[in-house]
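Shown next, in structure tokens, is the structure this report addresses.
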Amino acid sequence: MSKKSANTRPALSPAEYGKFIEGLELLEVRLVRLNVEARSFPIKPADTRLEVADEASYTPVEGGFEVFHRYLLLATNAQPSSEPVGRIEAEFGLRFTSVQPIGQPYFEIFRDINLPVNTWPYWRELVQAMTARMGWPPITLPLLKRGTQAASRSIAQKERKRK
């Protein structure tokens, strides 16, 4: 019998995760926080680099769990060391009922696969509407594609990079 270290987490089988997902229902999606900054008026899409990052956390509650999913869009001039010309940060709150209690192994998969499917459409619409209100050409974010290499980093990594 092999001994597992404290840092090794047991892998979740697709059947176990599938059973967890079957027992989920989405009750509510709400905008919790929004911060918008436009430091350039207007941007030139060809000269602007966009970066999107996200992070999420969960809290178990009776009969399910709550998730807070935060997105950050940074717009910078094409030069590598330029300061952001704009930024949109939004946090969405979601409430789920769950037959099975959520734990970290389940949430790690849920955060990467299922959660963005629920929040990305809200984020895309918000970015498009806010950029138009900022006097910029409306930005349409790309399709959400699962099963490919994740292109974004965490918001904390983006913030450290800026400083």
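The values are calculated or read from the model by the stated rules, or taken from the named source; none is laboratory data. Keep in mind it's a predicted model, so treat the numbers as computed, not measured. Reconstructed Cβ throughout: ideal geometry from the backbone, glycine too, with neighbour counts over all protein chains shown. Heavy atoms of the whole protein, side chains included, go into the accessibility calculation; ligands, DNA and RNA do not. Shrake-Rupley method; radii C 1.70, N 1.55, O 1.52, S 1.80 Å.
Modelled this way, with points 7 Å down the Cα-to-C-beta line, the labels at Arg39 and Lys19 are 5.1 nm from one another. Rg and Dmax over the alpha-carbon atoms of region 3-117 stand at 18.7, 60 Å. For the set Leu115, Leu143, solvent exposure ranked by accessible area (probe 1.4 Å, protein chains only) runs largest to smallest as Leu143, Leu115. Over region 15-57, the pair-distance histogram of Cα-Cα distances with 5 Å bins from zero comes to 5, 10, 13, 15, 14, 12, 10, 7, 8, 5, 0 percent, rounded to whole numbers. Spread over its residues, the convex hull of the C-alpha atoms of region 87-130 is 90 Å³ per residue.
The simple spin-label model puts a point 7 Å past each Cα toward its Cβ; for Glu89 and Arg30 those points are separated by 2.1 nm.
Share of region 35-127's accessible area from carbon and sulfur, percent, 1.4 Å? Numbers along the way, then the final one.
Details: 2390 of 4490 Å².
The C+S portion of the solvent-accessible surface of region 35-127 is 53 percent.
Taking a spot 7 Å from the Cα of Ala132 along the direction of its beta carbon, which residues of region 41-69 have an amide N less than 17 Å from it? Output list for this probe position: 43.
Given a Förster distance of 35 angstrom, what is the FRET efficiency for Ile109 paired with Leu50, based on the Cβ-Cβ distance and rounded to 0.05?
After rounding, the FRET efficiency stands at 0.80.
The coefficient of translational diffusion for region 60-109, derived via Stokes-Einstein from the alpha carbon Kirkwood radius under 10 °C and 1.306 mPa s, stands at 116 µm²/s.
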